[in-house]
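Following: one structure in structure tokens, then a few remarks.
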2 protein chains.
Amino acid sequence: MPEPFPADSVGLVVPKSIHFDEPLSLDGGKTLEYYDLVYETYGELNASRSNAVLVCHALSSDAHAAGYHHVDDRKSGWWETCIGPGKPIDTERFFVVCSNNLGGCRGSTGPMSTNPATGRPYGPDFPVVTVKDWTRSQARFSDALGIKQWAAVIGGSLGGMQALQWAIDLPNRLRHAVVIAAAPKLSAQNIAFNEVARQAIRSDPDFYDGRYDEHGVKPLRGLKLARMLGHITYLSDDAMGGKFGRELRDGKFGFGFDVEFQVESYLRHQAEAFAEHFDANTYLLMTKALDYFDPAADYDHNLAKALDHATAKFFVVSFTSDWRFSSARSREIVKALLDDDQDVSYAEIEAHQGHDAFLMPIPHYLDVFRAYMNRVAEVSR
Amino acid sequence: MPEPFPADSVGLVVPKSIHFDEPLSLDGGKTLEYYDLVYETYGELNASRSNAVLVCHALSSDAHAAGYHHVDDRKSGWWETCIGPGKPIDTERFFVVCSNNLGGCRGSTGPMSTNPATGRPYGPDFPVVTVKDWTRSQARFSDALGIKQWAAVIGGSLGGMQALQWAIDLPNRLRHAVVIAAAPKLSAQNIAFNEVARQAIRSDPDFYDGRYDEHGVKPLRGLKLARMLGHITYLSDDAMGGKFGRELRDGKFGFGFDVEFQVESYLRHQAEAFAEHFDANTYLLMTKALDYFDPAADYDHNLAKALDHATAKFFVVSFTSDWRFSSARSREIVKALLDDDQDVSYAEIEAHQGHDAFLMPIPHYLDVFRAYMNRVAEVSR
């Protein structure tokens with residue numbers, strides 16, 4: 001019988017869940033009395049517990065970073081490109097852990113979970129969470145797993161910001177921070193795009209101030225718009241041009257408002273698939289976490305000062321065509337680290353795919369990522 | 001009594017309207033049996049009728065390019081920066097004409113006008129119009145004004161595209177084409193942004209397939225989203241950063257979904273003001289005209305071939321921080337003209353304001369624009 005999955009995949013994986021009974025104080029002033037985190041692991045933890053790496057996910061992602069949930073799954077985890085046997089995050093060497101962030105909608109406690117105060121889903125009453133809240137919850141999670149120090153905390157986009165926050169808030173608990181396609185904080189334009197996405201969701205009449213669940217509906221229109229917009233910012237102009245150009249679906253102008261250009265068809269399709277399975281309240285929370293992310297703010301708005309007491313070694317990666325978090329934003333992180341005489345490696349990868357490049361099998365990217373992870377592995381044996 | 005308006009303003013202006021009874025065949029196959037164009041003029045037509053310039057407006061603009069409609073108007077016409085006595089488009093030398101495009105909502109025949117077939121407003125039944133339809137309607141308009149040849153046809157953004165189309169379709173009817181902050185056609189990303197704006201409007205429950213007027217409502221939510229999104233693309237990341245940074249309206253995070261960052265407040269305010277006075281069906285039509293604009297398509301997708309029989313002299317202007325229609329897009333136009341050995345001047349203006357820079361009083365921009373218009377004036381006396 002042939003193997004159902006590629007040889008370089010971790011194959012079938014089963015999500016796990018862990019319950020935390022100790023209350024968690026959040027930056028916003030509220031407290032979660034108890035919560036669950038859903039996570040997946042790939043590879044084996046070694047005897048010295050020194051080969052564990054924590055992978056942090058991006059805005060609308062989840063704990064399913066690699067492998068497949070079912071034998072007939074056609075879709076693998078979101079970072080299948082980088083996690084697996086022989087891949088940059090090599091599961092033959094590393095024990096890889098990925099957890100769904102608090103406030104998520106893929107198993108961890110979030111707006112769809114039951115609010116102990118009411119016995120009904122939290123909905124809009126789920127507190128706003130920050131990247132710092134996530135690192136705090138993940139520190140406890142690390143304790144529960146018996147991992148005193150991660151060989152590396154790794155993430156792309158919002159996940160990269162989380163890795164940066166880890167290095168600042170919990171310096172002794174990681175040896176390496178891998179910060180990919182991220183920024184030290186959002187620009188006004190980044191916030192503006194998030195705000196349009198939020199307004200799209202919140203102005204949808206089916207949103208009902210976040211209590212759509214009680215009305216048996218979902219703000220699908222708003223979520224679709226938010227996703228279409230997000231999608232534009234994930235791709236470069238060139239990538240969109242290369243993929244769709246100005247090609248017409250039916251070969252000629254229709255002089256109406258149905259789908260005409262291929263790019264329109266693609267956006268609508270992507271958005272529909274997304275809106276069906278993602279929770280609107282979670283989407284709102286994740287964009288807020290992005291807006292609030294600004295680790296330098298606690299250190300006189302001086303990023304070098306924020307990173308000064310970090311002890312991890314850093315690997316920063318950016319992509320030339322990423323206009324959501326451009327290379328210039330990554331270089332701000334690198335410069336702050338250099339100002340501190342920190343150990344930092346930086347790679348700017350030539351890529352036409354835009355922000356989404358961090359998910360793509362770009363040979364040069366995989367090569368430098370693998371090379372850096374070899375370095376991580378050296379002291380993790 | 002002091003003058004109510006600045007000395008370099010054309011001052012009080014009165015819009016005029018002109019009726020056309022001859023049916024106009026449109027690119028989409030439909031025909032307008034009759035139509036009106038609203039326009040404004042500034043300055044005096046000379047005896048030889050050689051000093052007239054036609055100004056073409058952008059997406060959501062109108063015929064009110066300069067001056068004031070009322071003594072107590074605080075807001076001037078949209079291109080007050082460039083049109084007036086002593087300004088680049090000098091009303092002491094030029095007879096300046098600006099008309100609202102067909103399909104508009106500011107006086108010219110459009111979705112809010114009465115459909116002769118039903119006696120009610122056209123609404124969504126107003127035919128899709130193209131940039132070529134506009135130049136065709138403006139050619140008749142020129143005949144009616146007795147202007148055989150414009151000294152220049154001038155426009156920014158969609159207006160610049162219209163100037164380009166004039167040079168291609170009606171080569172003998174203009175001596176100069178001034179094409180500012182434009183592109184030879186939209187990219188897939190440009191189309192994608194338009195599509196999100198259209199979906200925002202069309203998925204608003206108050207849109208009623210475009211028949212919102214019959215229901216006594218307006219799709220305000222959708223129009224606001226479209227405008228917020230548009231606004232992001234009109235400004236550069238730097239301009240937004242310079243204007244708002246990450247400043248908080250109330251000085252601290254609210255951990256909720258009210259307005260927090262100044263940029264959010266600005267976007268919401270701008271969008272509300274816009275949605276109140278602009279018609280959604282017109283917005284849809286204008287974005288379609290943009291998407292369809294592709295003058296090279298009629299010439300084997302070869303822009304140089306399209307421009308080969310143009311006889312106008314060209315002035316092309318772009319702005320360094322414009323990411324909606326970047327300098328690279330303007331250089332495509334310049335290259336095609338150079339390939340044809342056409343007379344073209346090109347200025348790339350250092351500016352941080354993004355696409356909106358074409359409306360701004362940027363000294364170097366005004367200087368080169370004035371210098372070029374001096375050249376236009378030389379043969380227009």
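Spin-label pair B:Asp125-A:Gln270: with each label point 7 Å from Cα along the Cα-Cβ axis, the two points sit 3.8 nm from one another. Under a 5 Å amide H cut-off, with hydrogens placed 1.01 Å from N, A:Lys313 pairs with A:His176, A:Ala177 among residues at least 5 apart or on other chains.
I need the calculated FRET efficiency for the pair A:Asp21 and B:Asp341, taking r as the beta carbon distance and R₀ as 56 Å, to the nearest 0.05. Intermediate results must be reported in sequence, preceding the final value.
Values: r = 80 Å, r/R0 = 1.42.
The formula returns an efficiency of 0.10 here.
Using only Cα positions of region A:146-227, each an equal point scatterer, no hydration layer, compute I(q)/I(0) via Debye at q = 0.14, 0.15 Å⁻¹ and quote the log10 values to two decimals. Taking Cα atoms of region A:146-227 as identical point scatterers yields -0.67, -0.71. Put simply, what bits of region B:174-219 lose 40 Å² or more of accessible area when the other protein chains are there, versus the chain on its own (1.4 Å probe)? Hits at the 40 Å² cut-off: B:Ala188, B:Gln189, B:Ile191, B:Ala192, B:Phe193, B:Glu195, B:Val196, B:Gln199, B:Arg202, B:Ser203, B:Pro205.
Just check the protein assembly as shown against the gyration tensor rule for me: Cα atoms, a ≥ b ≥ c as the square roots of the eigenvalues, rounded for a/c under 1.5, and otherwise prolate or oblate depending on whether a/b exceeds b/c. Because a/c hits 1.5 or more and a/b exceeds b/c, the protein assembly as shown counts as prolate.
From the Cα gyration tensor of region B:1-132, with a ≥ b ≥ c the square roots of its eigenvalues, which class applies: rounded if a/c is under 1.5, or else prolate if a/b is larger than b/c, or else oblate? Prolate. Contact residues in region B:230-250 (at least 20 Å² less accessible area with all protein chains than alone, 1.4 Å probe): B:Ile232, B:Asp237, B:Met240, B:Arg246. The charge dipole of region B:120-217, taken about its Cα centre with unit charges on the Cβ of Lys, Arg, Asp and Glu (plus for the first two, minus for the last two), comes to roughly 600 debye.
In order along region B:100-109, phi translates into HN-Hα couplings of 6, 5, 4, x, x, 10, 10, x, 6, 4 Hz, rounded to whole numbers, per the Karplus curve 6.51 cos²θ - 1.76 cosθ + 1.60 with θ = phi - 60° and x for Gly and Pro. Shape verdict for chain B, please, from the Cα gyration tensor: rounded (a/c under 1.5), prolate (a/b greater than b/c) or oblate. Here chain B falls in the rounded category.
Report summary: the helix-based calculation at 222 nm, which adds -39500 (n - 2.57) for every DSSP H run with n ≥ 4 and divides by the residues of the protein assembly as shown, gives -10500 deg cm²/dmol. Protein heavy-atom surface of the protein assembly as shown, 1.4 angstrom probe: 49% of the accessible area is carbon and sulfur, with nucleic acids and ligands not counted. Using the Karplus relation 6.51 cos²θ - 1.76 cosθ + 1.60 with θ = phi - 60°, the per-residue 3J(HN,Hα) values for region A:175-182 come to 9, 9, 10, 10, 10, 10, 6, 10 Hz, with x marking Gly and Pro. Peptide packing: for A:175-188, B:348-361, B:4-17, B:211-224, the average count of neighbouring Cβ atoms within 10 Å per residue gives the ranking A:175-188, B:348-361, B:211-224, B:4-17, highest mean first.
Please report the antiparallel percentage of DSSP beta bridges with both residues in the protein assembly as shown, rounded to the nearest 5. Bridges in the protein assembly as shown are about 30 percent antiparallel.
What is the extension gain from B:Tyr34 to B:Gln149, computed as 0.36 nm multiplied by their sequence separation minus the C-alpha to C-alpha distance, in nm to one decimal? Before the final figure, lay out each step's value.
Details: separation 115, 0.36 × 115 = 41.40 nm, distance 2.43 nm.
So the extension gain works out to 39.0 nm.
Residues whose amide H lies under 5 Å from that of A:Ser318, counting only those 5 or more places away or on a different chain, are A:Ala181, A:Ala347, A:Glu348, A:Ile349; hydrogens are built 1.01 Å from N in the peptide plane. Considering only A:Phe20, A:Pro361, A:His309, the residue lying farthest towards the positive end of the dipole of chain A is A:His309, judged by Cα position with unit charges set on Cβ. Buried accessible surface for the A/B pair, both sides summed and rounded to the nearest 100, is 4600 Å² with a 1.4 Å probe.
Tell me, what is the per residue accessible area of region A:1-118 in Å², probe radius 1.4 Å? Don't skip to the end; give the middle numbers.
Working: 5290 Å² over 118 residues.
That works out to 45 Å² per residue.
On a C-alpha basis, how far is the centre of region B:169-191 from the centre of region A:1-73 in Å? Whole number, if you could? Between the Cα centres of region B:169-191 and region A:1-73 lies a distance of 53 Å.
When all alpha carbon pairs of region A:29-93 are counted in 5 Å bins from zero, the resulting P(r) reads 4, 14, 21, 22, 17, 10, 7, 4, 1 %.
Comparing A:Gly210, B:Val196, B:Met240 along the charge dipole axis of the protein assembly as shown, the residue lying farthest to the positive side is B:Met240, per the Cβ-charge model. Taken one residue at a time, the phi angles of region B:116-127 give Karplus couplings (6.51, -1.76, 1.60, θ = phi - 60°) of x, 6, 10, x, 10, x, 3, x, x, 7, 5, x Hz. Gly and Pro are set to x.
Hand me the GluC sites (Glu not before Pro) from region B:1-100 located in a DSSP loop with no more than 14 other Cβ atoms within 10 Å, in residue order please.
Numbers: sites: B:Glu33, B:Glu40, B:Glu44, B:Glu80, B:Glu92; in loops: B:Glu33, B:Glu44, B:Glu80, B:Glu92.
Of the GluC sites (Glu not before Pro), the ones in loops of region B:1-100 whose Cβ has at most 14 other Cβ atoms within 10 Å are B:Glu33, B:Glu44, B:Glu92.
In chain B, Cα pairs under 8 Å separated by at least six residues give a relative contact order of 18 percent. Each other residue within a Cβ distance under 12 Å of A:Trp166 adds +1 if Lys or Arg and -1 if Asp or Glu, for a net charge of +3.
In region A:255-293, burial by the other protein chains removes 30 Å² or more of 1.4 Å probe accessible surface, compared with the chain on its own, from A:Phe255, A:Phe257, A:Phe261, A:Val263, A:Glu264, A:Arg268, A:Lys288, A:Tyr292.
Hey, can you find the accessible area per residue of region A:210-290 for me, probe 1.4 Å, expressed in square angstrom? Please report the intermediate quantities before stating the final value.
Working: 3200 Å² over 81 residues.
On a per-residue basis, 40 Å².
So for region B:128-284, considering every pair of alpha-carbon atoms, how many percent are separated by more than 26 Å? Distances greater than 26 Å cover 47 percent of the Cα pairs.
The values are calculated or read from the model by the stated rules, or taken from the named source; none is laboratory data. This is a predicted model, so every value here is computed, not measured. No Cβ is skipped: glycine too gets one built from the backbone with ideal geometry, and neighbour counts run over all protein chains shown. For the accessible areas, the whole protein counts, side chains as well, though only heavy atoms, and no ligand, DNA or RNA atoms are used. Shrake-Rupley method; radii C 1.70, N 1.55, O 1.52, S 1.80 Å.
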